[in-house]
Amino acid sequence: MTTRVVYLAMVLTLMSTGIVGAQHPVLDALAGRVVEKYQQSSCEQLWQAREKPKSAREQEAIQLLRGDPQLRAEFINKIAAPVANKMFECGLVP
């Protein structure tokens, strides 16, 4: 019984992710790049990148996310777990 519930929850999650993903392909690509950057970077690289100024493209993306709360929430939902885990591993967050 519980395996059916888990399976159903997974299917519903995948379906809703697919529907949301189809609405904002640029957001999906951006979130994918952010997650990939954190997963492929060493802790030392992340510490160094933290101190560098942001590129014009990064600043533009940040402004877009600041201006649209729904888009920002969707972006954060996509990147939160993998980025927070890596930051914790690297001592970037307490």
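Taken together, the values in this text are just the output of simple stated rules run on the coordinates, not laboratory data. Everything quoted here is computed from the prediction, not taken from an experiment. When we count neighbours, we look across all protein chains shown, and the Cβ atoms used for this are built from the backbone with ideal geometry, even at glycine.
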- If each of SER42 and GLN23 carries a label point 7 Å out from its Cα toward its Cβ, how far apart are those two points in nm? 4.1 nm
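What does the charge dipole of region 25-94 about its Cα centre add up to, to the nearest 20 debye, if the Cβ of each Lys and Arg holds +1 and the Cβ of each Asp and Glu holds -1? Don't skip to the end; give the middle numbers.
On the way: 10 positive and 9 negative charges, 22 e Å.
Here region 25-94 has a charge dipole of around 100 debye.
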- Rounded to the nearest 0.05, what FRET efficiency do ASN77 and SER55 give with R0 = 22 Å and r taken as the Cβ-Cβ distance? Could you check? 0.35
